[in-house]
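Working notes, beginning with the structure itself.
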Amino acid sequence: MINNNKDRFTIKEGDRTMKAVVTMGNGGYDMLQYIDVPIPTIDEGEVLVKVLAAGVNNTEINTRLGWYSDKVTASTANLASIDNEMADAAEKGDGGWNEATPFPFIQGTDCCGEVVEVKDKENEHLIGKRVIIQPCVRHMGYDSYENIWMASDFDGAFAQYVKIPAKDCYEVNCDWTDAELGTIPCSYGTAENMVNRAGVKAGDRVLVAGASGGVGSAVVQLAKRRGAYVIGIAEGDFKVELVKSFGADEIVVYGKDTLETLGEQAVDVIVDNVAGPNFPQMMKVLRRGGKYVSSGAIAGPIVSLDMRDFYLKDITLIGCTGWDEPVFGNVISAIENGDIKPALAKTFPLENIVEAQKEFGLKKHVGKFVLIPNHNE
């Protein structure tokens with residue numbers, strides 16, 4: 001699935017075309033071009049999905065900027081101050097998740113859509129079905145941690161159409177809107193993967209950093225679904241109340257000393273996609289035998305670890321990128337059983353992606369921004 005043909009966006013005579021946002025390379029918003037490109041041609045085992053809604057995530061912005069390079073050390077909030085680091089990452093080509101980012105390509109990790117074409121007879125039952133796409137592909141099987149991602153390693157959903165292996169299309173039966181379903185794949189899949197891999201169970205005390213974000217609000221709901229007592233870290237009255245509405249039992253107001261507020265050895269599991277300077281406090285707050293799980297580091301990827309906290313307390317550190325086999329099925333069940341609710345902040349037309357990403361960067365919203373393609377163009 002990894003893109004290797006940079007000419008695939010050249011329109012040839014007879015091509016069916018679509019509108020898409022093509023990310024041309026590492027850099028600023030000028031790298032996002034809303035243009036006509038050929039509709040993808042599907043191969044065996046693949047389906048063509050008409051994109052109805054596509055969520056906006058940190059990862060698309062970080063990939064465009066080259067933040068995943070080990071040369072970048074600042075938080076995602078301070079990217080404007082690390083232009084030299086990002087330029088170096090772009091030159092070295094190591095700013096992506098796996099191999100060099102396959103520029104130019106189409107980003108968009110979240111997709112709710114309708115299957116409109118299939119290649120194989122056994123997938124004909126998917127025609128006309130509303131689906132959400134599992135963006136994490138374990139292409140070497142679940143016995144290997146190797147993984148590739150839609151919108152990081154191959155073209156994604158910031159377009160009118162996207163192609164994907166049929167096995168990664170999940171039909172979902174619910175009364176949610178397309179935009180609401182467009183909030184789900186990346187955030188809720190990532191959240192369920194962390195909750196699942198940490199083995200969260202009934203009675204566990206779970207601390208969620210960044211509880212008002214897309215992943216954080218999903219973790220709150222999915223941990224509550226397992227019967228945990230959930231403590232969320234959030235800032236501002238509006239965000240605090242919304243995090244409570246997602247089921248948090250307790251709130252630590254962002255900016256207050258987490259260790260002073262909760263005390264030492266207060267929680268069994270910490271789900272932290274924030275990291276940064278507060279990481280040492282997290283190690284103190286964890287109980288003996290506790291688990292710290294993360295799939296991000298928006299406050300800064302370089303942290304200070306006192307090894308004595310780690311080994312004397314028998315703490316388990318769990319990194320999560322590749323999703324485990326039951327994860328996305330669990331998310332679908334949670335939707336269809338009414339165990340979770342969508343966290344939709346705002347929608348934008350696909351062509352207004354720059355406006356959406358700029359507002360996203362202000363971090364004043366709760367939940368997800370979603371882009372809606374115009375299929376009448």
**Request:** Pull up the cross-link candidates among the aspartates and glutamates for LYS6, meaning alpha carbon to alpha carbon under 14 Å and not fewer than 8 places away within one chain.
**Result:** ASP153, ASP155
**Asked** Calculated FRET efficiency, SER333 and ILE302, Cβ-Cβ r, R0 51 Å, to nearest 0.05?
**Response** 0.85
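Pop the C-beta distance of GLU264 and LYS341 into the FRET formula with R0 = 45 Å and round what comes out to the nearest 0.05.
Between GLU264 and LYS341 the formula returns 0.85.
Of the GluC sites (Glu not before Pro) in segment 122-164, which ones lie in a loop per DSSP and count no more than 12 other C-beta atoms within 10 Å?
GLU146
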**Request:** Would you work out which of GLY66, LEU207, GLY128 lies farthest towards the positive end of the dipole of the chain, given +1 charges on the beta-carbon of Lys and Arg and -1 on that of Asp and Glu, about the Cα centre?
**Result:** LEU207
**Message:** For a 30 Å ceiling on Cα separation, which of these pairs sit above it: LYS167/LYS313; LYS244/LYS284; LYS129/LYS364; LYS163/LYS224?
**Reply:** LYS167/LYS313; LYS129/LYS364; LYS163/LYS224
**Item:** Between 0 and 90°, nearest 10: helix 327-336 axis offset from the chain longest Cα axis
**Value:** 90 degrees
**Label-point separation in nm, THR321 to MET24, each point 7 Å along Cα→Cβ** = 2.8 nm
**Message:** Looking at the chain as a GNM with Cα springs under 10 Å, which of GLN107, GLN33, GLN160 has the largest mean-square fluctuation?
**Reply:** GLN33
**Message:** Taking θ = phi - 60°, what integer Hz values does the Karplus form 6.51 cos²θ - 1.76 cosθ + 1.60 yield along segment 43-50, in sequence order, with x for Gly and Pro?
**Reply:** 10, 4, x, 10, 10, 9, 10, 7
**Message:** Using 0.36 nm times the number of residues separating PHE238 and ASP314, minus their current alpha carbon distance, what extension gain do you get?
**Reply:** 23.6 nm
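Taken together, the values in this text are just the output of simple stated rules run on the coordinates, not laboratory data. Treat the numbers as computed from the prediction; the structure is a model and nothing was measured. All Cβ positions, even for glycine, are placed from backbone atoms using ideal geometry, and neighbour counts span all protein chains on display.
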